[in-house]
């Protein structure tokens, strides 16, 4: 909600080439306790004034020399910092009302002025204008917050990956089909390890020397979407030498709670003296 003090402190610009009309509106707004009211009888200066002061409301006469109100509104569109053109037009021509609204005015007041109507329309328009500004400010804060949180998440992910690589021989990710999508670290290439999907239907573990029972056990864990910590994997090389690895992983889910794969770390375990 908009507080009464905010409405009365809103900035208002009166634009009319008739001094009597300007004086009448200034007096009316002063009597209503508005505290930030200014005026000009030179419509060609309105765009520059609004660019500098960002008025919450412009009371704009349509029938003026040099520039009429329609030309002023066209000029305001070119330098408006937001999409809300805060204009109420003043006109004695009924045929100008629809044209003014189509040109971007938010409301109109008929001449001769009915002071009760003028006060009501000004107050209503200011409330809408100030609510719009609050929403715009909130969206900007929200957008900045999202950018900051996104940057924090990216930094956190990068830090996690860096720590995972330092604490392990490799970092890995699999998609929902069990295909490896990310493997970081040089050890896989150095050892010549062949990796394959840890899902049903994958090539037999024995084809690459892996312990088949362990391979089947890990498949069952992954099929159940369960995390695993320090799972021991053994492998017998073609020359008969042994290798063992410790692997940890956790399932990943998207915002809809749908399974999207696994991620984890792995390290080769060396016996003392090797």
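What the table shows:
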{"read-out": "Residue ID - surrounded by the most Cβ atoms within 10 Å (Cβ to Cβ), chosen from residues in the range 231-262 that are touching a helix residue (DSSP H, G or I) at 6+ places or on another chain (Cβ under 9 Å) and over 18 Å from residue 216 (Cβ atoms)", "value": "251"}
{"read-out": "2 or more residues modelled with pLDDT of 85 or more and within 30 Å of residue 24 (Cβ to Cβ): qualifying strands (runs of 3 or more DSSP E) within the range 62-180", "value": "87-91, 107-110"}
{"read-out": "Residue 66 in the same structural domain as residue 96 (by TED's automatic domain parsing), in contact (Cβ under 8 Å) with a residue 24 or more places away in the chain and more than 20 Å from residue 114 (Cβ to Cβ)", "value": "yes"}
{"read-out": "Any hit, the range 218-227, residues being in a loop (DSSP other than H, G, I, E, B) and at pLDDT below 80", "value": "no"}
{"read-out": "Failed item in (1) closer than 20 Å to residue 110 by Cβ; (2) in contact (Cβ under 8 Å) with a residue 40 or more places away in the chain, with residue 55 passing the rest", "value": "(1)"}
{"read-out": "Members of the range 24-52 found to be under 19 Å from residue 69 (Cβ atoms) and free of Cβ contacts under 8 Å to residues at least 12 places away in the same chain, listed by number", "value": "45, 48"}
{"read-out": "The lone exception for residue 10 - which of (1) touching a strand residue (DSSP E or B) at 6+ places or on another chain (Cβ under 8 Å); (2) surrounded by fewer than 15 Cβ atoms within 10 Å (Cβ to Cβ) it fails", "value": "(2)"}
{"read-out": "Residues being crowded, with 18+ Cβ neighbours inside 10 Å and assigned to a loop (DSSP other than H, G, I, E, B) - total across the range 15-55", "value": "3"}
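The values are calculated or read from the model by the stated rules, or taken from the named source; none is laboratory data. Worth saying up front: this structure is predicted, and the values here are computed from it rather than measured. Counting neighbours? That spans all protein chains shown, and the Cβs are built from the backbone with ideal geometry, glycine included.
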